[in-house]
Amino acid sequence: MAALCRRFTGFHFLLVLVSLSISSLVFGDWIGDDEGEQFTEELLLKPLPDRKVLAHFHFQSTAHPSPDSGHHHHLFPKAIAQLVQKFQIRDLELSFTQGRWNYENWGGSDPISSTNAKPPGVELWATFNVPVVEIDTTWKNLTHALSGLFCSSINFLESSTSYTTPSFVFGLNVSNIRYGALPREAVCTENLTPWLKLLPCRDKAGLATLLDRPSIYKGYYHSQKLRLTSTKLSGIILEQTLTIVLQPNIQRNSAHSLLDGAIQPSWSISSMFKRNLTGSCVLARTSRILVELEKNIVSKLEELGHGGSWSNSLLDLSPNPFRVIKEVNPFPEESNSILFEYVNSKEYEPLDVGIKWKLPFVWSSPHAPFHASRFLMGSGTERGSIAISLQSTKSDEYFRSKSNECRMQAVVFQVVPWYVKVYYHTLQIFIDQKLQNLSDVIEKIRVTPSEDKKLPGTLELVLGYPCTVQSVALTLDFDKGFLHIHEYPPDANQGFDIPSALVTFPNLHSSRIYIGDDSSVHSPLLLKFQEKNVVLSYTEVLLVPFTTPDFSMPYNVITFTCTVLALYFGSLLNVLRRRIGEEERLMRSKDATKRGLIPLIVSKITSKLRGMPRSKPLLIFAVVLSVLFHYIVN
Amino acid sequence: MAVKEEGDTSQQGKKSRSRLILRLGALLVAHSGLVSVVCCAAGIIAFILLPVLANNTYISENALMPGSADPAFSSQEVLDANRLTMDILNRGAAKASGIEIAKLLREYIVAVGAESYYHKFVPRANKFHPLHFFSSTTDNLDLPANPSCGSFILNAVGIIRAPRGDGKETIVLVTPYNSQNTTYSDAVSLGIGFSIISLLSHVTWLAKDIVWLAADSRYGEYMTVDSWLKDYHGPAFPGETSRIVDDACFEENNSDSLDHIKVEGHNSYVYKRAGTMAAALVLKVVDKKEKEERDSLSIYAEASNGQMPNLDLINIAHYLAVHRQGLRVKIGSIIYFLKASWVKLLGEMLQHITTLAKLLNPKWKLDITSADYVEGTATLASSIYYQALGVPTGSHGAFRNYQVDAVTLEFSPRSSLNNENVRSAFLLKTGRLIEGVIRSVNNLLEKFHQSFFLYFLTAPHKYVSVGIYMIPFGILIAPLPIVAAALFSSNNGSSNKDGSWKWLQAAKVVFLIHLWAMITSLLPYVLLQLPLVTPSSFTSAWAAVAICFLLITYLILWSSSIDCGWELLKSVMIVAAAIGLSLMSVINFSTAQIGAMLIVPMCLLVKPARKQTQGVFAKALMLTSNLALLVVAFPPAALLIAKTLFGASGNIDIGDFWEWAQILWSWNSATYMYLLWIHLPCWVLCLNIFLYPCIGSSSKA
């Protein structure tokens, strides 16, 4: 099949070659043959329960380690290769996210949500192949390099107050990992353009042409991710994914119709992206579009009596898919999700994949067993507490699969900036509103207390509790630090951000197995889905209001301080200079003649006035008064 | 004085000359009588001038940009609002269980695509917590043993998550309604609330989340909003209290609910939050019977202990209401001042003076017409009164406890809402106004901090800032330390032996009287344990016990209070009063201002009645003024006078005092503490001085 596939694409490449100029012939030379570098592009589309559509772009470039190629690459972006080489990166994940992943409606336990739901802002983690002592410097250099590469302020992660070393959260038993997040980083086209530049066809051909900026930034969630893995054996693998949630245009006539008929909006690629997809990137080995129907839709379809059909009384998938790929899962009585595959190769005819809904239908996405949320407690600008709550979603699948005796594990990873002074001894854990003995619930804990202006506080915690629990809640008290004026970030009056906490469920995996997946479908995306990914969810970013000084204050402070200093030094000098005894003696001798300043002036004025004619003092008085009055008036 | 000293150099010259500042101080102390008269007069005049000194408000924070975008609130939303209003009235009439409306609201919210949940709580009565002033009480989880269904209150809450926002901040919209007795205006206000939510659920500009709380105000809207806020900022872990009575009281009727409600049905009681609150708007509709020429908007902003929201929030509401929607904006005013002829006279005088002043310097922006002055005075009086009372004027006060800026916007249509056209136009205006305010707050990157937090309003668009209103107060209390020093030094100078330590005895008296006052302030806690029923019995018991304690204190103190002499006693009392007033001015300025106007003249003027004075006329004047001040400054008497002045209904019961005190402490008002810890002991000491038996040498000073 793979051969067939190859021939298939080869055929099209032949067509392309004919139509293209001679220069592309040079490329064509190695596309078919060279196993060293590969590029694939895939797009997954999935209708979501809340009338939205998920689009997940997956671009993968691989560079095999070949000593003879040296520094030169045909397809693989040179910038990334150099990055890997220079900083000896083993793993790296960088994500730019705008908006929040809705775990309730968009799913919490499927592969997309567990790998592509990211916290708002920038998140970066990396592992290095360098000695432990050099890791910090390597990380700092890396942040600068990435910040230049992606036009963002990743370099803020350079400071030791903003990154941390998780020990067991990422499942990697390593000390050479660094993790940092910038929740306030804004994400826009300026970050997308450099990301697209890493693709061999940029956004000039292939699936990336769909990325019409206005329509993708109008979405409800936007996360661009870059994942790098580099090993001696397989070389460098660069995955670039872009996950967006879009709202297809719906005719909003009245809320009444929303109430009555919950018919899903119909959509197609051209209607959502405002672009037509014509042809693939010639450099891509495969270019395909997958449409996924979740298992709850499939079960409904099966109920209606048409299992894997793409055109039925519920919905209409057009055009006809190239292939149908079914998921296998361990519970045979349940229905599984279905993938419809389209191969994007026709150059002249736009591939406009779309779904037309015919009947009103409501379903729900697979939830993670517990929904994690985090909030602040308390009021005032002095202290407060952070609470992380895990609320059971009662997802049937999970509880059916486990016996009553099962135990749930949850790993909580929380980084807190140093100015939020968390008292880790105040950790309290409530299970079903009952305060628990910490040692009963905590299986493993690692706390790195924060250090002022040096280290953020890190909490890693493995909780173990019965699966039947309804809610778990953790609370941690904190004091709000008092900052130096130069330590406040811009917009300090908004408050300070606490980056998202990460909650993972290590004994739950979001892997999927697909029928007929041997080598028949060579799809990196599906391979990705089959990986054993731990189910995880990020919590909200928190905003902690702080006391802020009046930032125009320095001027006042300077003037005030200067006054105080002048007064102090003046009186000090006065005291030092004075000789009391001498002064008294002098005073006694001169007292008869010397007068105070004010009496002197008064007496002088009166003596002068006495000599003047009667009208003059009045005149002078009037002049002085008028001057004074004028002064006051103005 | 310096000149005088200079005159006889032969004697004084031998002493080393003191510093200028000390000499100035001595000058002031020597002329304390004149200084105190001048300062008191100046303070009161400056206070009366405040409406003249008020500035026009302006929008200080540039990011707010009110009215810069065209409102998107259209007739479509008006239809939404109308539909919900009708639905509520129909369903509310059918089943008055109190839950129906919340259920209906939730259906609507979910249909619009927003998140929604029920908030449920058991109302509790406010108790007297002697030690809980200024502290938020997050405890009392003392649930009734067998909570019945009727005792629960169910609020529907809707949350719109900003599509591209990070969910760090929220804007809260509250619409109180009474579920037991839903009036037409309640239903309309819910309709407006929903139409706003339905509009905001599909706008693209949202950066902050929007929370809509439809608060069932069956037992008072403040309590509902407060308990919701308490849960928002407290450990309201999902499903707390609710599970117990869930099944018994609120059986989910699955048959008629919609599919997607079924999907989310299991967690409809899970408390959801949405980030730090940026601002809150409480929205109310009042259907008036009488016709007006325009729809009007009343803004209420006073929270507990005279705390105000940022002036910018009021500014944007006022700006949008006046300049965009053409509403008439009103803020509270005291009618007495509008009608009082002396205020009118004063206004006319000031008008002449200001025109004169304007001739002198055209740059002075002091021109004020008599009518403006009268209205400004009435508004300022109400502003000061509500701040001084320390009781919030609406449920927005609950937000202030969490440092959230909030105002109540109360809309009243120009004629009855039953008229279809009037209602549509009214809904369109109010909806657009609220949309505009929310949009402005949404623009805000930082929290409100640019504009004033300490101000009085003299008109919806005029304010008196802290920088101005502190001046009259400062002038008013300035003579206190001077007079105290004068009394002290005169006494010290005249007495020969052991005089320097005599003040300690006076201090003991003052301290014990303050202690007595403190005990009196805590008495209600004990009294509440007693089986008393009527407020008047409470009042008499309170008064009786307090007087008993006072007598006992006097039995102990009699000798020392006579010994120390009334000058010293007065001097220490004045110092205590000055300290108390300046402390109070930091906590609640308005209370301190009103208190100072009563206390300061009393403290300065008080003299023993039996003291020998030259001239019958002077003595009579002194006696009458002392007596008058002593009567006016006695808190219950002051309350009575205020009540009769401001036209409250006739008969006065002594139980009113208890009820009044109850209001103060149940709202944690610092005014209660001021009255009992500073004002009352000061009054008792003044009375003591007034009745001082002038025997011995000290009286001749």
Do the conditions hold for A:Arg184, that is, is it open to solvent by less than 30 Å² (accessible area, probe 1.4 Å) and not in a helix (DSSP H, G or I)? no
Would you confirm, using the coordinates I've provided, whether B:Glu252 is at pLDDT below 90, more than 9 Å from chain A (Cβ to nearest Cβ) and either open to solvent by less than 20 Å² (accessible area, probe 1.4 Å) or closer than 28 Å to B:Thr393 by Cβ (or both)? no
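Each row is one residue, and each column tells you yes or no for (1) assigned to a strand (DSSP E or B); (2) at pLDDT 90 or above; (3) under 30 Å from A:Glu185 (Cβ atoms).
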{"position": "B:Ala162", "(1), (2), (3)": "no, yes, yes"}
{"position": "B:Gly165", "(1), (2), (3)": "no, no, yes"}
{"position": "B:Val174", "(1), (2), (3)": "yes, yes, no"}
{"position": "B:Thr182", "(1), (2), (3)": "no, no, no"}
{"position": "B:Leu190", "(1), (2), (3)": "no, yes, no"}
{"position": "B:Gly193", "(1), (2), (3)": "no, yes, no"}
{"position": "B:Thr204", "(1), (2), (3)": "no, no, yes"}
{"position": "B:Ala207", "(1), (2), (3)": "no, yes, yes"}
{"position": "B:Ile210", "(1), (2), (3)": "yes, yes, yes"}
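What residue, among those in segment B:373-429 that are of a type in the set (Asp, Glu) and surrounded by fewer than 20 Cβ atoms within 10 Å (Cβ to Cβ), is farthest from B:Tyr300 (Cα to Cα)? Outline the logic, then answer.
Going through segment B:373-429, the residues of a type in the set (Asp, Glu) turn out to be B:375, B:405, B:410, B:420.
Applying the additional criterion that residues be surrounded by fewer than 20 Cβ atoms within 10 Å (Cβ to Cβ) yields B:410, B:420.
Working: B:Glu410: 8, B:Glu420: 28 Å.
Filtering segment B:373-429 for residues that are of a type in the set (Asp, Glu) and surrounded by fewer than 20 Cβ atoms within 10 Å (Cβ to Cβ), the one farthest from B:Tyr300 (Cα to Cα) comes out as B:Glu420.
Residues in segment B:585-600: is at least one part of a helix (DSSP H, G or I), at pLDDT 85 or above and over 26 Å from B:Met308 (Cα atoms)? Break it down stepwise before answering.
As a first pass, look at segment B:585-600 and keep what is part of a helix (DSSP H, G or I): B:585-587, B:589-600.
Applying the additional criterion that residues be at pLDDT 85 or above yields B:585-587, B:589-600.
Still in the list and also over 26 Å from B:Met308 (Cα atoms): B:600.
Yes, because at least one residue in segment B:585-600 is part of a helix (DSSP H, G or I), at pLDDT 85 or above and over 26 Å from B:Met308 (Cα atoms).
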Across segment A:202-214, which residue is nearest to the other protein chains (Cβ to nearest Cβ) among those that are at pLDDT 90 or above and buried (at least 17 other Cβ atoms within 10 Å of the Cβ)? A:Leu211
Any chance segment A:113-120 includes a residue that's modelled with pLDDT of 90 or more, touching a Ser or Thr at 6+ places or on another chain (Cβ under 7 Å), in a strand (DSSP E or B) and within 21 Å of A:Pro456 (Cα to Cα)? no
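Within segment A:137-154, identify whether any single residue is β-branched (Val, Ile, Thr), surrounded by fewer than 22 Cβ atoms within 10 Å (Cβ to Cβ) and at pLDDT 90 or above, and answer yes or no. Explain how you work it out, then say what you get.
Initially, segment A:137-154 is screened for residues β-branched (Val, Ile, Thr), giving A:137-138, A:143, A:154.
Narrowing the set further to residues that are surrounded by fewer than 22 Cβ atoms within 10 Å (Cβ to Cβ) leaves A:137-138.
Filter once more, so that each one left must be at pLDDT 90 or above: A:137-138.
So far as segment A:137-154 goes, yes, one or more of its residues are β-branched (Val, Ile, Thr), surrounded by fewer than 22 Cβ atoms within 10 Å (Cβ to Cβ) and at pLDDT 90 or above.
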Considering only residues that are modelled with pLDDT of 85 or more, assigned to a strand (DSSP E or B) and open to solvent by 10 Å² or more (accessible area, probe 1.4 Å), look in segment A:509-541 and name the one that is nearest to the other protein chains (Cβ to nearest Cβ). A:Tyr538
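Answer yes or no as to whether A:Tyr221 is surrounded by 22 or more Cβ atoms within 10 Å (Cβ to Cβ) and within 14 Å of chain B (Cβ to nearest Cβ). Give the derivation first.
Numbers: surrounded by 22 or more Cβ atoms within 10 Å (Cβ to Cβ): yes; within 14 Å of chain B (Cβ to nearest Cβ): yes.
Yes; evaluated as a whole, the condition is true for this residue.
For (1) basic (Lys, Arg); (2) away from chain B (no Cβ under 14 Å), each residue gets a yes or a no:
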residue: A:Phe39; (1), (2): no, yes
residue: A:Arg51; (1), (2): yes, no
residue: A:Pro65; (1), (2): no, yes
residue: A:His73; (1), (2): no, yes
residue: A:Gln85; (1), (2): no, yes
residue: A:Gln98; (1), (2): no, no
residue: A:Glu104; (1), (2): no, no
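Looking only at helices (runs of 4 or more DSSP H) that fall completely inside segment B:326-444, which ones have 2 or more residues that are farther than 26 Å from B:Ser68 by Cα, within 14 Å of chain A (Cβ to nearest Cβ) and within 27 Å of the chain's Cα centre (by Cα)? Reasoning before the result, please.
On the way: elements: B:335-339, B:341-360, B:370-389, B:397-400, B:420-443.
Answer list for segment B:326-444: B:397-400.
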Taking segment A:121-171, which residues are touching a Phe, Trp or Tyr at 6+ places or on another chain (Cβ under 7 Å), within 17 Å of A:Glu185 (Cβ to Cβ) and part of a helix (DSSP H, G or I)? A:Leu142, A:Leu157
Does any residue in segment A:153-171 that is on the phi < 0 side of the Ramachandran plot come within less than 6 Å, Cβ to Cβ, of a residue that is open to solvent by 50 Å² or more (accessible area, probe 1.4 Å) and in a loop (DSSP other than H, G, I, E, B) six or more places away or on a different chain, and which pairs are these? A:Ser160/A:Lys454
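Are there strands (runs of 3 or more DSSP E) fully within segment A:420-500 with at least 1 residues that are open to solvent by less than 40 Å² (accessible area, probe 1.4 Å) and within 13 Å of another protein chain (Cβ to nearest Cβ)? List them. Let's see the steps before the verdict.
On the way: elements: A:420-431, A:442-448, A:457-466, A:471-480, A:496-498.
Filter on segment A:420-500 gives A:420-431, A:471-480, A:496-498.
The values are calculated or read from the model by the stated rules, or taken from the named source; none is laboratory data. In this text, all values refer to a predicted model and were calculated from it rather than measured experimentally. Ideal geometry is used to build each Cβ from the backbone, glycine not excepted, and the neighbour counts take in all protein chains shown. When the accessible area is computed, the model is the full protein with side chains, heavy atoms only, and any ligands, DNA or RNA have been set aside. Shrake-Rupley method; radii C 1.70, N 1.55, O 1.52, S 1.80 Å.
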